[in-house]
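The values are calculated or read from the model by the stated rules, or taken from the named source; none is laboratory data. In this text, all values refer to a predicted model and were calculated from it rather than measured experimentally. Cβ: placed from backbone, ideal geometry, glycine included. Neighbour counts: every protein chain shown.
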Amino acid sequence: MALCIVWEAAQFKIYHLRTESPDNPDNPDKKESKDDIELFSGYELLTTSKLLPNCDLKLLASYVKPDQQFEAVLAYQEQLRSA
């Protein structure tokens with residue numbers, strides 16, 4: 001599985017290398033339109049991680065603080081424990 005993770009505008013974007021045709025292989029009667037997916041150099045933008053489906057990317061992004069990295073990691077871990 002080829003993934004590309006991009007940090008842009010204070011949020012994570014996860015792209016998956018698309019190896020199938022634009023048609024939906026699970027449902028050949030349904031065709032995806034260009035509005036259904038966003039492509040980035042052959043990659044499809046995912047709304048959730050296929051590798052970590054339970055990871056809340058918005059929550060994780062809220063703890064990205066390069067100038068306070070150690071404190072941010074501890075705060076994120078505490079948030080996960082209390083959830």
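Under 30 Å from Leu80 (Cβ atoms), at pLDDT below 85 and surrounded by 10 or more Cβ atoms within 10 Å (Cβ to Cβ), is that true of Tyr43? Here the answer is yes, as Tyr43 does meet what is asked. Could we say that Leu51 is within 18 Å of Ala9 (Cβ to Cβ), touching a strand residue (DSSP E or B) at 6+ places or on another chain (Cβ under 9 Å) and not basic (Lys, Arg) here? So Leu51 does not fit the description; no.
Filtered by the rule that a residue be in a loop (DSSP other than H, G, I, E, B) and modelled with pLDDT under 90, the range 56-67 gives a lone residue, Lys65.
Consider only pairs whose beta carbons are under 9 Å apart and that are at least six residues apart or on different chains; among these, list those whose first residue lies in the range 61-78 and is charged (D, E, K, R) and whose second residue is in a loop (DSSP other than H, G, I, E, B) and loosely packed, with under 14 Cβ neighbours inside 10 Å. Between residues of the range 61-78 that are charged (D, E, K, R) and residues that are in a loop (DSSP other than H, G, I, E, B) and loosely packed, with under 14 Cβ neighbours inside 10 Å, the close pairs are Glu71/Lys65.
Close contacts from the range 1-29, counting a first residue that is modelled with pLDDT of 85 or more and a second that is in a loop (DSSP other than H, G, I, E, B) and surrounded by 13 or more Cβ atoms within 10 Å (Cβ to Cβ), with Cβ to Cβ under 8 Å and a gap of 6+ residues or different chains, come to Trp7/Val64; Ala10/Val64; Ile14/Ser49.
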